[in-house]
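The values are calculated or read from the model by the stated rules, or taken from the named source; none is laboratory data. Note that the structure is predicted; figures quoted are calculated from it, not measured. Because the Cβ atoms are built from the backbone with ideal geometry, glycine has one as well, and the counts that use them run over all protein chains shown. Just the protein is used for accessible areas: all its heavy atoms, side chains included, with ligands, DNA and RNA removed. Shrake-Rupley method; radii C 1.70, N 1.55, O 1.52, S 1.80 Å.
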Amino acid sequence: MRPDSPTDLIDPTDPADPAGATHPALVLPPAQLAGRIQHTLIGQAITDRQIREHVAQTVEHGFDAAIVPPCWVPLARRELRGTVARIGSIVDFPHGSAQTSVRVAEVRALVDAGVDELDATVNVGFLLSGRVTEFADDLAAVVGAAAPIGVKLMLELPLLDARQRERAVSAAIDAGAAFVAIASRFSVGVADPASIGYLRRCVPPSMGVKASGGIRTIEQVRALLAAGADLIGTSTGIAIVTEKGTAGGPRNSY
């Protein structure tokens with residue numbers, strides 16, 4: 001588990017918290033924030049050459065982990081042999097609507113392939129249908145199948161009303177998730193400090209909070225970390241930490 005995050009939302013426009021201390025994320029050089037960024041390469045037409053480049057970049061810049069599609073976990077594992085870098089992948093992405101048995105089988109296959117952590121979708125349709133028990137049971141099964149590998153659950157909060165959000169967060173806590181995230185990239189739009197602050201206040205300090213979705217600038221990274229995020233997921237980490245080049249277009253963006 002990463003170092004504890006602030007338990008209260010800090011206004012990212014104000015460089016000091018209520019106690020008068022400046023949040024480190026607001027003042028550290030960009031390169032020193034690389035350890036909080038998960039270098040993400042998720043898409044439909046990703047090649048083995050791209051995976052090799054991606055994991056090499058993860059090592060070079062000191063990113064927290066390389067996040068790759070499920071089919072490329074074995075290759076990434078081989079490429080990172082002998083390094084301290086970690087590998088993450090995704091479960092039932094992007095819709096989260098597979099049967100629980102299928103989701104569990106995918107989790108177990110990824111664990112067997114050598115993944116270090118997982119980002120899992122949730123079956124938000126269950127929650128929207130009032131099938132709260134089925135929603136919670138599915139999360140528990142996915143998290144349990146991954147143990148002792150940690151699972152980050154993408155809760156799709158923008159699709160939920162206030163009561164449904166409470167139920168989603170509660171189910172994630174009860175399931176034993178290692179991290180929670182606002183949503184997958186398809187429903188989150190752009191990650192915002194207010195939503196991160198909400199999650200940070202709702203979950204225990206032992207549970208991490210990940211921000212992902214449309215994060216393309218160092219200013220966004222700083223604001224989200226100051227709001228309570230432990231990790232940032234983005235496909236534009238190199239441009240962010242080096243302050244060189246552009247954040248790229250929509251292809252393979254995350």
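What does the C-alpha gyration tensor say about the overall shape of the chain? Classify as rounded when a/c is under 1.5, otherwise prolate if a/b is larger than b/c, or oblate. Provide the component values of the computation, followed by the final result.
Working: a/c = 1.67, a/b = 1.06, b/c = 1.59.
Because a/c hits 1.5 or more and a/b fails to exceed b/c, the chain counts as oblate.
Could you tell me what fraction of 2.2 N^0.38 Å the Cα radius of gyration of the range 62-137 comes to, as a two-decimal ratio?
Numbers: Rg = 14.4 Å, N = 76, 2.2 N^0.38 = 11.4 Å.
In units of the 2.2 N^0.38 Å rule of thumb, it is 1.27.
Looking at the chain as a GNM with Cα springs under 10 Å, which of Pro70, Pro193, Pro158 has the largest mean-square fluctuation?
Residue with maximal mean-square fluctuation among Pro70, Pro193, Pro158: Pro158.
Report the charge-dipole magnitude of the chain in Debye, nearest 20, computed about the Cα centre from +1 at each Lys and Arg Cβ and -1 at each Asp and Glu Cβ. Can you show the working numbers first?
On the way: 23 positive and 27 negative charges, 95 e Å.
Magnitude of the dipole: close to 460 debye.
Rank Ile67, Ile46, Ile196 by mean-square fluctuation in a GNM of the chain with C-alpha springs under 10 angstrom and give only the top-ranked residue.
Most flexible of the set in this elastic network: Ile46.
Can you give the charge dipole size of the range 145-193 about its Cα centre, rounded to the nearest 20 debye, using +1 on the beta carbon of Lys and Arg and -1 on the beta carbon of Asp and Glu?
Values: 5 positive and 5 negative charges, 15 e Å.
Its charge dipole is roughly 80 debye.
Would you be so kind as to identify all helices of the chain, as entire DSSP H runs, whose Cα atoms reach 15 Å or more along the helix's own axis and whose mean Kyte-Doolittle hydropathy is at least 0.5? Mind dumping the intermediate values first?
Numbers: long enough: 48-61 (20 Å, -1.35); 100-113 (20 Å, 0.61); 132-146 (22 Å, 1.11); 162-175 (20 Å, -0.51).
Helices meeting the criterion: 100-113, 132-146.
Work the Kirkwood hydrodynamic radius out for the range 117-243: mean of 1/r over every pair of different alpha-carbon atoms, inverted, in Å.
On the way: mean 1/r = 0.0685 Å⁻¹.
This gives a value of 14.6 Å.
Rounded if a/c is under 1.5, else prolate if a/b is larger than b/c, else oblate: which is the range 20-152, with a ≥ b ≥ c the root eigenvalues of its Cα gyration tensor?
Numbers: a/c = 2.22, a/b = 1.37, b/c = 1.63.
Here the range 20-152 falls in the oblate category.
Could you do me a favour and compute the accessible area per residue for the chain, 1.4 Å probe, result in Å²? Kindly include the intermediate steps, with their values, before the conclusion.
Values: 10940 Å² over 254 residues.
Heavy-atom SASA per residue in the chain reads 43 Å².
Name the residue, out of Gly144, Gly43, Gly197, whose mean-square fluctuation peaks in a Gaussian network model built on the chain with Cα pairs under 10 Å.
Fluctuation is largest for Gly43.
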